[in-house]
Amino acid sequence: MSKELPKGFLWGGATADFQYEGGFEEGGRGISSHDYETDGSKDHPRHHTMKMPDGTIIEPNSSFILADPVPKDAQPVFLDDQYYPSHKAVDFYHHYKEDIKLMAGMGFNVYRFSISWSRIFPTGEEEQPNKAGLKFYDDVINEMVKYGMEPLITICHDEMPVNLALKYDGWNSRRVIDDYVKYAKVLFEHFGDRCKYWLTFNEINAVRGFGPTGVRNSQGQDRYQADHNMFVASAKTVKMGHEMMPNSQFGTMFAMSAAYAATCKPEDMFHSLQENRENWYFIDVMGRGYYPKYADELLQRHNVEKLQMEPEDTQILKEGQLDFIAFSYYRSSTTKAGDEWFNVGGSSNPYLKETPWGWPVDPLGLRYTMNEIYDRIQKPIFIVENGMGAIDQADENGYVEDDYRIDYLKDHLSAMSDAINIDHVPCLGYTMWAPIDLVSLSTGEMKKRYGFVYVDMDDKGNGTLKRTPKKSYKWMKHIIETNGAALDETN
Ligand code: BGP
């Protein structure tokens, strides 16, 4: 079976503002909940810098999935002896023309990026948006349109104006729903004429604590209440978006990591069913428009007494269902009875190799995941993140021979093609994470590189920021110009 993909398939890349954009204090941008995150590494987790009323500095871990709870009276602070990668990131703010040209050079016909909420509404509470913020994204979108690239916009990629986090405990408060809908409305008014594809949230199922969702305790009651409020905000926004932009299509992005059972022991199988529901809970509510029956059991497991809902919420969720299911896929995971819930690391899988960061490499898991989602939700899917974090060795010109990245992508794209051509899963497109090197979300380092383009910058922000295409750049260009047919070729 040929690997060539159906005509009109969207090929591109994906980035997130606080990992890529920089321009922290420029153009009237307010402070985002991510701005207090330090750099880090696999062995030394990045953290928020927070101050207690008595002046003590605490460092709650902010690195991944379930962060430590942040005490109510702790306030974020910037410390002189710390490096905060989001402030400069890799400076897309001043390099957007160059970067978009590089993406266009590979033949991208879509580019997924996120808008920084605090660049549009610096505190989240203003009546009027920040004009300079709108202008920046206008310029970015116009530059993409010039090259025939379709924008795929993430309205909220794991962050919010820090003011909303501090004043209202982020998504724990229902009033943040209105702040979000006001923000989304402004985006639709300004960019709706050029943008058809939207994602309301990034990896909503991997809700992390203070920072991404602004919630100080990202477990139990607080976590699931915040999720409910996000479901309502998303559904209201989808409905409004459809009314304002009749051709628009909406997704939310889910982090997918199929949890295989470690053995065929029935207890392990049942545990894997329940572990997978930790993700399906989100996709089912947003993709089908109602809470599944198993929600009661899942919430009890997480010590949630009762979610606070308004009578109109049932109707809102129904009317604001997603048009397509977007997801990130980096790896699968393996689980067995007794493992912690929502444990992405899980048990190890003896059949898979791992990246230097311990992420199992499982291309067939992508085909598996695509089929599972479509079987269940019966809506088109969109792979909006996939890629390999690796340690690149650049030569004196910044050139990297990244054959390992080519191998990873080739295997995953082949599996994707099989899901589309053999299993007939409708898939709108594929946006690789991340076309230009940027800061890692989980560790805050630059060393964990994903790009087709090398950026000369180290973990502490030193470097010229010079962009140099890697070997994989030319390879991907060839895959795209043959619409996937070249996946059949040997390297
Ligand atoms: C996803 C996030 C991205 C991105 C990616 C890779 O969870 O949506 O923001 O960073 O994972 O993860 P990392 O940067 O930690 O390697």
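The values are calculated or read from the model by the stated rules, or taken from the named source; none is laboratory data. Everything quoted here is computed from the prediction, not taken from an experiment. Every residue, glycine as well, gets a Cβ built from its backbone with ideal geometry; the counts of neighbours run over all protein chains shown. With ligands, DNA and RNA removed, areas are computed over all heavy atoms of the protein, side chains included. Shrake-Rupley method; radii C 1.70, N 1.55, O 1.52, S 1.80 Å.
Observations on the model:
- With N as its number of residues, the stretch 164-213 has a Cα radius of gyration that, divided by 2.2 N^0.38 Å, comes to 1.31.
- Convex hull projection area averaged over all views, the stretch 272-390, Cα basis, nm²: 8.7 nm²
- Start at zero, step by 10 Å, and the Cα-Cα distances of the stretch 1-129 spread as 11, 31, 31, 17, 8, 2, 0 percent across the bins.
- Cα extents for the chain along the principal axes, largest to smallest and rounded to whole angstrom: 58, 54, 48.
- Surface share of carbon and sulfur [accessible, 1.4 angstrom probe, percent] for the chain: 51 percent
- Working note: 222 nm ellipticity from helices only, DSSP H runs with n ≥ 4, each -39,500 (n - 2.57), summed and divided by the residues of the chain, gives -11000 deg cm²/dmol to the nearest 500.
- Other residues within the sphere of radius under 13 Å centred on the Cβ of residue 281, judged by their own Cβ, net out at 0 (K and R +1, D and E -1).
- Normalised contact order of the chain, rounded percent, pairs of Cα under 8 Å and 6 or more residues apart: 19 percent
- Cβ crowding within 10 Å averaged over residues, with 102-108, 150-156, 317-323 ranked highest first: 150-156, 102-108, 317-323
- For residue 255, residues with placed amide H under 5 Å, excluding near neighbours: 203, 204, 205, 206, 328
- Distance (nanometres) between label positions extended 7 Å along Cα→Cβ at residue 75 and residue 351: 5.5 nm
- Taking every protein chain into account, the accessible area of the stretch 404-483 amounts to 30 square angstrom per residue (probe 1.4 Å).
- Summary of packing: across the peptides 178-184, 139-145, 39-45, the per-residue average of other C-beta atoms within 10 Å ranks them, highest first, as 178-184, 139-145, 39-45.
- Under-5 Å amide H pairs with residue 427, H placed in peptide plane, nonlocal only: 381
- Alpha carbon centroid spacing (whole Å) that separates the stretch 142-174 from the stretch 428-491: 23 Å
- Computed with a 1.4 Å probe over protein heavy atoms only, the accessible area of residue 422 comes to about 80 Å².
- Highest-first packing order for the peptide set 225-232, 20-27, 241-248 is 225-232, 20-27, 241-248, based on the mean count of other beta carbon atoms within 10 Å.
- Span from the the stretch 183-205 Cα centroid across to the the stretch 1-48 one, whole angstrom: 16 Å
- Here the extension length gained between residue 167 and residue 303 equals 46.4 nm, from 0.36 nm per residue of separation less the Cα-Cα distance.
- Under a 5 Å amide H cut-off, with hydrogens placed 1.01 Å from N, residue 215 pairs with 171, 210 among residues at least 5 apart or on other chains.
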